[in-house]
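Colleague: This is the structure I want to talk about, given as structure tokens.
The values are calculated or read from the model by the stated rules, or taken from the named source; none is laboratory data. Nothing here was measured: the structure is a model prediction, and the numbers come from that model. Cβ: placed from backbone, ideal geometry, glycine included. Neighbour counts: every protein chain shown. Only protein heavy atoms, including side chains, enter the accessible area calculation; ligands, DNA and RNA are left aside. Shrake-Rupley method; radii C 1.70, N 1.55, O 1.52, S 1.80 Å.
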Amino acid sequence: MNAIDTSIDSAIRAAASAIVLENVSKSYDGTTQVIPPLDAELRAGEFTVVLGPSGCGKSTLMQMIAGLERVSGGTISFGARKVQDLEPKERGCAMVFQNYALYPHMSVFENIAYSLKVAGMPKPERVERVEAVAKMLGLSDLLARKPGQLSGGQRQRVAIGRAIVREPGVLLFDEPLSNLDAQLRHDMRMELAELHRRIGATTVFVTHDQVEAMTLADRILILNKGRIEQFDTPKAIYHKPASVFVAKFIGAPPMNIVPVTGDGKVLRLADGQVLVECPVFGDYQLGIRPEDILVGEGPIKAGLRYREDLGSHAILAADLGGNLLRIATPFGADIGTEANLSLTFPPLRLHLFDAETGRAIPGAFSAQ
Ligand SMILES: Nc1ncnc2c1ncn2[C@@H]1O[C@H](COP(=O)(O)OP(=O)(O)OP(=O)(O)O)[C@@H](O)[C@H]1O
């Protein structure tokens, strides 16, 4: 990295500020609350991924942070500054959209330099900044080209360059990779992670791709109908989901959830089959990830319905007392030819959820 690179990196790092949302709510029509009052603190320099199903309010939340939508209530702070009533350009954040519209008649250099020019920055300084950003993003050899002469990934890098050249303390991405093919998405994911490590801007990234969320995020904010289901590290989200919603949203295939009843000693299915010991009474939902189920020997009986060999591993689908159970087994694992599977659910891999609310009940299986 040369001296100019370092100055850009550290300028962005210095400007990174925490984003604090307090009681932030949004209604477009004055009656339906798309976002009920919500509190969250996105730490300075942190990479937060906002994840959730279509229509849950991800873009709305992002646009309120950016200033493209007004909040209906509450406050948004960037560090010590309250920004909810400021115009987007006064907030000091930059945004990269899914449909990153580059100016087609301008060169890559001019596209990246445009906002600096509008801001009245003198030319020598502009050139220096654009060259530094281009170097950071591997665009130095493409500065004279027009967007039409670039690949999808290169265009996306120009859009990112355009966003970071003004050295924002807050960087917002709204599904920036969803128009790219699988290989490019993968490459861009690595580049974004690397870029974030270097510049350290507080970053918010909206997606409905759980792989992007798991690989990029310091913390994932999972939204369900405008409410936060869980806001935690990818590891905690995967291994300690706070609700059935989170458990079923993350993982491919997702966590298996079966209704069970406890008699104070064991948990049973509706047909009476015992699954595991557990000292609780009443109705619950029991969760287990496909890769945590042991196949071969065990007290739990399930009927094999089909098997998919995926190369690295196989996914079995089985009927467990009328519930569909998905099991991931190592490729080539000997599961026999029996239509009846014998399974074990290791207690420390199990998750118990309230039957009504779907919220996790921590500690139901001793070491959770
Ligand atoms: N400008 C608007 N006027 C009225 N309703 C809106 C407007 N924008 C979004 N909505 C509604 O607000 C809710 C949340 O939309 P939003 O776009 O924030 O969801 P999202 O999670 O980003 O969805 P997707 O993943 O499909 O982009 C939806 O019910 C949507 O119909």
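Colleague: May I ask you to list the residues in the stretch 346-363 that are assigned to a loop (DSSP other than H, G, I, E, B), over 10 Å from V244 (Cβ atoms) and open to solvent by 10 Å² or more (accessible area, probe 1.4 Å)?
Modeller: Once the filter is applied, which keeps residues that are assigned to a loop (DSSP other than H, G, I, E, B), over 10 Å from V244 (Cβ atoms) and open to solvent by 10 Å² or more (accessible area, probe 1.4 Å), the stretch 346-363 yields P346, E356, I361, P362, G363.
Colleague: Give the stretch 42-67 a look and list any residue that's more than 10 Å from the ligand (Cβ to nearest atom) and either farther than 25 Å from D209 by Cβ or not in a strand (DSSP E or B) (or both), or say none.
Modeller: R43, A44, G45, E46, I65, A66, G67 - these are the residues of the stretch 42-67 that are more than 10 Å from the ligand (Cβ to nearest atom) and either farther than 25 Å from D209 by Cβ or not in a strand (DSSP E or B) (or both).
Colleague: Then there is this: Starting from residues that are more than 16 Å from the ligand (Cβ to nearest atom) and assigned to a loop (DSSP other than H, G, I, E, B), keep the ones in the stretch 68-80 and report whichever is surrounded by the fewest Cβ atoms within 10 Å (Cβ to Cβ).
Modeller: Out of the qualifying residues, it is A80.
Colleague: Mind telling me which of the residues D39, D29 ends up being open to solvent by 80 Å² or more (accessible area, probe 1.4 Å) and in a strand (DSSP E or B)?
Modeller: D39
Colleague: Take the conditions in contact with a Pro (Cβ under 9 Å, 6 or more places away or on another chain) and open to solvent by less than 40 Å² (accessible area, probe 1.4 Å) and apply them to Q98. Does it pass?
Modeller: Here the answer is no, as Q98 does not meet what is asked.
Colleague: Being open to solvent by 50 Å² or more (accessible area, probe 1.4 Å), on the phi < 0 side of the Ramachandran plot and not in a helix (DSSP H, G or I) is the requirement here; does D271 meet it?
Modeller: When the stated conditions are applied, D271 passes them.
Colleague: Working only within the stretch 201-229, note down all residues that are open to solvent by 10 Å² or more (accessible area, probe 1.4 Å), more than 16 Å from the ligand (Cβ to nearest atom) and part of a loop (DSSP other than H, G, I, E, B).
Modeller: Within the stretch 201-229, A217, D218 meet the criteria.
Colleague: With respect to the numbered conditions (1) small (G, A, S); (2) more than 15 Å from F353 (Cβ to Cβ); (3) touching a residue at least 24 places away in the same chain (Cβ under 8 Å), which one is the sole condition not fulfilled by A247?
Modeller: A247 satisfies every listed condition except (2).
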